[in-house]
1. Starting from the amide H of Cys185, placed 1.01 Å from N in the peptide plane, find each other amide H under 5 Å away whose residue is 5 or more places distant or on another chain.
2. Please list the non-local residues whose amide H lies under 5 Å from the amide H of Arg212, H modeled 1.01 Å from N, same-chain partners needing a gap of 5 or more.
3. 5 Å is the cut-off here: which amide hydrogens, built 1.01 Å from N in the peptide plane, fall below it relative to Ala152, excluding neighbours closer than 5 in sequence?
4. Would you list His213, His140 from fewest to most Cβ contacts within 10 Å?
5. Residue by residue through the stretch 77-90, what is 3J(HN,Hα) from phi via Karplus (6.51 cos²θ - 1.76 cosθ + 1.60, θ = phi - 60°)? Round to whole Hz and write x for glycine and proline.
6. To the nearest Å, what is the center-to-center distance of the stretch 47-98 and the stretch 110-179, using C-alpha atoms only?
7. Order these by the 10 Å Cβ neighbour count, fewest first: Leu198, Leu184, Leu77.
8. Each residue of the stretch 40-49 in turn: what ³J(HN,Hα) in whole Hz from Karplus with 6.51, -1.76, 1.60 and θ = phi - 60°, glycine and Pro shown as x?
Amino acid sequence: MDINAVKVLLEAQERTIRSAMELVIDQLKERIKIAEGTVSDLIKSVEFSQAEILDLKKDISELRNSDSDKQTVINDLQSRIVVLEQRQNYQEDYNRRNNLRITSLLEEKGKETWEQTLTSVAKIFKDKLELPPIDIIRAHRTGPSLSSRPRAVIVRLEKFNEREAVIRNAKKLKGTGIYINEDLCPASLEIKNKQLPLMKKAKEEGKIAFFRHTKLIIKERLGQEESSMGLVAGSPVRGQDMGTPAVLRTHSSRAALGHRDHDAGVRSDEGDRAGILALAAELRASPAPAAQTDSVSQGEIDGGPKGASGTQSSVRNSRQRKNK
């Protein structure tokens with residue numbers, strides 16, 4: 001084979017290889033172009049997604065701020081509701097300040113009229129409590145009729161001092177099973193009922209425990225009248241406040257300015273020592289006061305009926321004698 005023939009063959013192979021390489025390169029260029037288009041689309045999609053994410057984050061932030069504002073409004077409204085409920089409870093208690101609640105008074109089943117109820121109450125006041133005639137505005141049974149026990153009687157008197165006189169003399173009902181307490185709204189009654197175990201425990205420990213409205217007062221019993229006043233550890237000077245809402249105490253103090261005889265008021269500290277000393281002396285001769293409950297009367301806890309404000313009234317009488 002001569003040299004020219006070899007050259008012709010090599011040139012033919014070179015053209016074939018070059019043609020094949022150019023074809024492959026063209027295909028690669030086309031694929032690269034397609035890939036570049038795809039990448040460009042992906043970049044645009046990512047940028048769009050990022051923009052949407054930023055918008056969503058902004059919306060979420062605005063919603064959180066809106067929720068925070070709404071929660072602030074809700075908290076404010078809830079606080080106002082609590083204050084309004086406390087004011088309503090105070091007003092309801094004040095409207096009941098001349099009322100009494102008598103439990104375990106015998107009831108004629110199915111046929112007792114309100115006139116008969118009023119007559120029974122007046123008889124209790126006259127015969128059992130040995131009080132002069134009292135102006136009774138009305139007296140009626142309350143609650144559903146039960147076969148096991150008589151319903152409670154709500155009594156409204158003309159004068160507040162007559163109501164206090166009844167409560168002071170309620171201890172004369174000891175042994176009769178009849179209990180007389182002040183009439184409170186359901187919310188105040190619930191506050192007192194929650195504190196009854198504490199009151200019972202304090203009395204079992206030999207301490208002085210009584211209610212002033214819904215405030216439970218716990219004090220150490222004095223060994224001698226000349227000794228200084230002892231208080232429950234951690235309790236304030238005036239006693240231990242176990243549950244009276246701040247609004248009730250505020251309104252009670254305001255009411256006391258115009259109604260010195262209203263037991264929900266907060267008394268001045270002047271004369272406290274003399275009052276406490278007189279209280280200790282009187283407690284030796286008379287049982288502690290009862291707290292009102294719907295289910296169990298405080299008299300039952302202590303072993304006998306007592307007036308809900310007997311001790312408080314004794315303190316007030318002692319202060320009045322001192323002032324005179």
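1. Asp93
2. Residues meeting the criterion, in which the H sits 1.01 Å from N, are Ile217.
3. Thr142
4. Least to most surrounded, the residues fall as His140, His213.
5. Computed from phi, the couplings for the stretch 77-90 are 5, 5, 5, 5, 4, 4, 4, 5, 5, 5, 5, 4, 4, 5 Hz.
6. 47 Å
7. Leu77, Leu198, Leu184
8. Per residue, the Karplus-derived 3J(HN,Hα) values read 4, 5, 5, 4, 5, 5, 5, 4, 5, 5 Hz.
Coordinate-derived values only; no laboratory data. Computed from a predicted model, the values in this text were never measured in an experiment. Cβ sites come from the backbone with ideal geometry, for glycine too, and all protein chains shown count toward neighbours.
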